Structure formats: structure tokens, C-alpha cells
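Novice: This is the structure, below, for whatever I ask next.
The values are calculated or read from the model by the stated rules, or taken from the named source; none is laboratory data. It should be emphasised that the depicted structure is a prediction, and the values quoted were computed from it without experimental measurement. Cβ: placed from backbone, ideal geometry, glycine included. Neighbour counts: every protein chain shown.
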Amino acid sequence: MSTTSAATGPLAASTSPALPPTINRFGPRGLNYLRAWFGLPSQRRLARGAVQIQPVRYWEKEFGRLSDAELRQKALQCRGRARGGENLDRLLPEVFGLAVVASWRAVGLRPYDVQIAAGVVLHQGAIAEVATGEGKTLVATLPAALNALQGKGVHVTTVNDYLAKRDAEWTGQIYKVLGLSVGCLQMKMSDEERAAAYKADITYGTASEFGFDFLRDRLKQKSGPTQAAPFWAPWVGGPQAAKPMDPRVQRDHHYALVDEADNIFIDEARTPLIIAMPSRPATEPEQVVYKWSDALAKEMVRDQHFYLDEKKQKVELTELGRQVVRYSNPPTGKHSHAMDKLHEHVERAIHANHRFRRDQHYMIEDVKVVIIDEPTNRISSCTRSFRE
């Protein structure tokens, strides 16, 4: 998911207001305008955020005179201009000004200049470092409100379900003033509830929930061709009316804000998102191989028969380990496998015996193995079965 903005059309040239007369590009902040064009990449990002502060404050002052109804009407006008093709960068000062006024009226907080600059940086697709306690949640409302105007959906990722629900409820007061809807994803939600959350202008949830929903949607599309119901189905009823037009719960990806980006893109990136289809009992030949591999893995010694890289979660047999596999009476007859396949089975068994610990990486629940998500220490979303 990446940041996108509509191209400037002829409508934007005629309807977009000119720069407020109070903005002086040759005053004390004139250096930022030069840096925005000729500075280093990091300087350009910061300067482009800084030069927007004064225009945003201008529109904040103008919109501060409006009533709540007039403020919402102005926000709806900005939405119409955005969906009509006007570039979001041209709308940024006005929309940020609206969001600042809405924030003050809804939650009693007025974003500082540095928070406005951080919001501009996030809108431009860069990473803004905002320490805990400096108002990250409030900063996110500025670019989220701006990019939600196009009606294509905005995803805001948080660390856990509790923060997702808390932020959705708290920021929802601000978005409501602007006429924007908010949805929230939680772990135990039906497909209908998830689809409704994604249809909102702004959707809060954890990165894993967004990722697993994407994977489940791909599985639904691959499970078989989906035939859309005809347009007259809701009026005539019958079995065709019950068929969904689109089995996916997510819309096409448009814009996303990631909280704790270093944790999501670096730390949690080591844990892949895996969804398993409904399993079946192992056949007798498979059980023979699995039991033989497990018994052999329990006898092997780390750094002597195999190497285990816990960071990369990779197991590799040594030359001595390969010899042990070859001369340890491997299954023969109808249970036999090629030697490279036997190596894979043994490596998986080593991974299960030497890498995973019960009640830390997995737990037994109702005679089933349930995977535990390491970052949150909760039951992983991937343990949920896929339903067609």
C-alpha cells in the first residue's frame, strides 16, 4: 500500500484558491522554500513540511469563524474537489486547517506547528519520527483526513487490537466533524463486519489483520471462479440474490499510515504471514517418515549435526548431519523418499524440537496446536481456518 494522489485536472486550475495574501515567501521562512527545491533529500522533506505551516494556520483562522454545520459543509466541498480530480497537494493547506479546527472542537487539542509539519511529511510518503507522548495519534489525523477525501479508503495500522479500537474511537470524534466515517478491525470479526469496516473512509487495525485479510481475499479468489449476481437480483430474490458481488472484504489499496514503522518493517518482518488451509490426518506412510525424522532430530547436537540461525529461522544440516541421515536406517519400501526430501523432513523436525518451545511459540488447545504471535504474545490470526 502506498500513498497516491490524483493528477491535477483543468477543474483544479479554476477552482483551487490562490495562495493567501498573508503568506510571504521572502520573509524569515523564505529559506525553507529554497531548501524545498535545492536541499538534500531529508532537508527537502522537512522544508516542504515547514512551508505549509503558515498556509495551514491561515486557513485555520478562516475556518475557525465557521459554525460546526458550515465547517462540515466546507469539508464536503473539499471532498467534491478531491473526487473531481484536484491534486491533494493543492488541497492540503485547507484540509489541514479544517482538521486543526475539528480537532480543537472535538477533543480540545490544537496541533502544534511540528505536528503539522510531520503530517505533511507523512502525506508525502516519507517516515516521520515522532516520539511516544508527542501526539502521534493526533498527527495521523491530518494526512488520514486529507487522503480519505478521494473515497478510496485509508488504512491506519497500530500495534495491537486495543490501540486500534482506542484510536478509532478517539479520532472518530474529529473525523465526524469533517463528515468522514471510521471503521475498526478486531481479531474475532466475521467477514461481513470486516467488509463494513473496510468500506469506511478510514479503517484502523493491526498490520497483521490487514495482511491476513489480504491473504484470505487472495485465497477466496483462487478457490474458484466467482460469478457476480445480475443487477436485478436484489429485486427478484432467489438463490442468486444471496451471492456476493465480490467475495473480498478489502477494497483496492490506496493509502496507509503505519504506526511504529521500525517495528512493523524490521522486527515483525521476520515473522511471515502464513495461512494454512484445513489440514487432513497424516497417512500411514507419512506418519512413518514423521516419527523417524522426529526421533532422529532429538538425537542430533546443535553446531555438530546442524546449524540453527534463530534470526533468519533457518536450519541447515552439516556434512556430519547428512551422513547421520544417510546411515540411520531411513524408511524404505513404500515409505521411502529421495535423500533430499529426507533432509527436508529432518530439518523440519529439528526446527520443531530445537526452535519452538511450548507455551512460548505454541500451545495445545482442545487437542490442537495453536500458534502464538511472538510480538503480541497472543493467539496468532493465522490459526484461524479459512472459510469459503
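Novice: Which condition from (1) surrounded by 14 or more Cβ atoms within 10 Å (Cβ to Cβ); (2) farther than 24 Å from R194 by Cβ is the one that K312 breaks?
Specialist: Of everything listed in (1) surrounded by 14 or more Cβ atoms within 10 Å (Cβ to Cβ); (2) farther than 24 Å from R194 by Cβ, K312 misses just condition (1).
Novice: So, one more: So, in the stretch 321-338, exactly how many residues are more than 14 Å from S293 (Cβ to Cβ) and touching a Phe, Trp or Tyr at 6+ places or on another chain (Cβ under 9 Å)?
Specialist: The number of residues fulfilling the criteria is 0.
Novice: Still on this structure: Can you tell me how many residues within the stretch 129-151 are out of contact with any Lys or Arg (no Cβ under 9 Å at 6 or more places or on another chain), outside any helix (DSSP H, G or I) and in contact (Cβ under 8 Å) with a residue 24 or more places away in the chain?
Specialist: So the answer is 1.
Novice: If I ask for residues that are touching a Gly at 6+ places or on another chain (Cβ under 8 Å), within 23 Å of L76 (Cβ to Cβ) and in a helix (DSSP H, G or I), which ones from the stretch 154-200 would you list?
Specialist: Listed by number, the residues that qualify are A168, A196, A197, Y198, K199.
Novice: Still on this model: Residues A164, A99: which one is crowded, with 19+ Cβ neighbours inside 10 Å, assigned by TED's automatic domain parsing to the domain that holds R48 and farther than 24 Å from E62 by Cβ?
Specialist: After applying the criteria, what remains is A164.
Novice: Still on this structure, please answer the following. Quickly run through the stretch 267-319 and pick out the residues that are at pLDDT 75 or above and among the hydroxyl-bearing types (S, T, Y).
Specialist: Passing the criteria: T283, Y290, S293, Y307, T318.
Novice: While we're looking at this one, here's another question. Can you tell me which residue in the stretch 142-159 is modelled with the lowest pLDDT, limited to those that are touching a strand residue (DSSP E or B) at 6+ places or on another chain (Cβ under 9 Å) and either over 15 Å from L88 (Cα atoms) or surrounded by fewer than 24 Cβ atoms within 10 Å (Cβ to Cβ) (or both)?
Specialist: V159
Novice: Spot the failing condition for D113; the list is (1) of a type in the set (D, E, K, R); (2) touching a helix residue (DSSP H, G or I) at 6+ places or on another chain (Cβ under 7 Å); (3) crowded, with 17+ Cβ neighbours inside 10 Å, and only one is missed.
Specialist: With (1) of a type in the set (D, E, K, R); (2) touching a helix residue (DSSP H, G or I) at 6+ places or on another chain (Cβ under 7 Å); (3) crowded, with 17+ Cβ neighbours inside 10 Å applied to D113, the lone miss is (3).
Novice: Could I ask something else about it? Mind checking which residues of the stretch 115-130 are under 18 Å from I264 (Cβ atoms) and among the β-branched types (V, I, T)?
Specialist: Across the stretch 115-130, the qualifying residues are V121, I127, V130.
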